[in-house]
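Note sheet for the following structure.
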Amino acid sequence: MSQNPLRLLLDFDARIQRDREQPPGFLHRRDRRFALDCQQQGVNPNASRWLAHMDRLSGPGQAVSAGDRELRRWRRLNSGFFAGGCLIGTVTMLGLLFYEGGQRINITMMLAFVLFQLILALATTAQALLGWQPWRSLLKRLDREPASPTRASLQPLMMARAAHTGGLAFGLAGLVTLLLMVVVRDLAFGWSTTLETAAAGYHQLVSALAAPWAWLWPSAVPSLELVEATRFFRATTGSSAIAPARWGQWWPFVVMLWLTWTVVPRALMLLFSHGLLRHRARRLLAAHPGMQALLYRMETATLDTGSSHNDAEDLPDTRTGLRPVALPESRIVICWAGAGEPELPLQLLAPDTLTYRAGGRATLAQDDAVLAAVAQERADGKSPTILVVTRSWEPPTGELHDFLDAGRTRWPSDTRITLVPLANHPTRTPSAHLVQPWLRFAERLTPGFASVALLPGDAPPRYLNGSLQP
């Protein structure tokens, strides 16, 4: 799974949207199992590993993830903006450099156009930071499916990146066109304005604009003499005393002006939009409602309440085909999640009884050690029944189901499990409503593998077809 934050967020959001169709109980068991597997492997259960785990569970399917499909659409949009920027940049520069041998190419017009491009680039970044979407109508045409809240929050930044891509292409195409025109045409530059502007003031303006490259290319900074000599007025072409070569000495300034104040800002803002997108993707992933729910499911043990209904007005389904059996003889007793503390009832103890403790505060490694010890004891083929002592008032958990399922695969095939739910008093029998969940739990295990037995205390309740009878 790629570690790209944007692709990771889009994949995660798409998976969460699909998970909305699944029952909450299924999601809880699935994600809790994943967290336990990561704990056993000693790795952190992060979003990337979770998505890779979901892909393995889904089996062979589409090789392209939802995030890749979304990014491909945006790449096509970026390519369209890039191609459009190249075309418009070329045509615009040809228009700015239009010269037919009469009037000069006005430097003032170039300054105004460069300023407009700089303002446009800043406005594009500002609208992305503010979340404004002037491209909403275009996005609705390109995206037929309604965007999720997460995708909608990314759209202003994604569109800003596309716009900066087009702006950068515009600037680069204009720069290439400018250089080609300098080579193949004899361009005459000058400056003029309707306002009463002195040559000294105009020289200060162009010198300030040329400050970033003055140390790198001094000849690209116009001198005061050049500014004074190349001013032209309406209906004139300039003084005939001016050498024709002076009109062309502006081109280094024009090239550096376009490169510094049009191309470079767009490139910097494009890089800024890339970084901002990655930062925003990390924040949205951490604050995603699905991430909070996923972390809760991974950190919380699953509980089986026995209810298959979602309507709160319905009572839990208590029907079961199993009934409690007589307590069998066994020399292997497993106390699950603290059951039997501080000591087991006398009915479960014998001189050769082997007692093990698992679940609850025990680690996965300790549970695995219990499975291995029981398998070694069962190697001689004796004592096929194993007693698993539990607390009747605590519902069965998914961890116990996994523990018994692992034991069924590691122990001999003739092994049988007898669940012994204890009451809160060692000489009493659990109430009927406490025994019913354990009967349903045993019924859901492999047929014939598990049963439920009650300690011989007071007269045990009588069960008929899963219902307590008087």
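The values are calculated or read from the model by the stated rules, or taken from the named source; none is laboratory data. Worth saying up front: this structure is predicted, and the values here are computed from it rather than measured. Counting neighbours? That spans all protein chains shown, and the Cβs are built from the backbone with ideal geometry, glycine included.
Among the residues making up the range 325-336, those that are crowded, with 20+ Cβ neighbours inside 10 Å and among the aliphatic types (A, V, I, L, M) are I332, V333, I334.
Figure legend. Inter-residue proximity from the range 384-396: first residues outside the structural domain of V374 (by TED's automatic domain parsing), second residues crowded, with 24+ Cβ neighbours inside 10 Å and in a loop (DSSP other than H, G, I, E, B), beta-carbon distance below 9 Å, spacing 6+ or different chains. No pairs are indicated. The number of residues in the range 137-162 being surrounded by fewer than 12 Cβ atoms within 10 Å (Cβ to Cβ) and either at pLDDT below 70 or touching a His at 6+ places or on another chain (Cβ under 6 Å) (or both) comes to 6.
Remark: pairs (first residue in the range 90-108, aliphatic (A, V, I, L, M); second residue at pLDDT below 80; Cβ separation under 9 Å; 6+ apart in sequence or on different chains) = I105/Y99; I105/W247.
Only one of the listed residues (L354, L422, L348, L322) is surrounded by fewer than 16 Cβ atoms within 10 Å (Cβ to Cβ) and either over 26 Å from R32 (Cα atoms) or at pLDDT below 85 (or both). That residue is L354.
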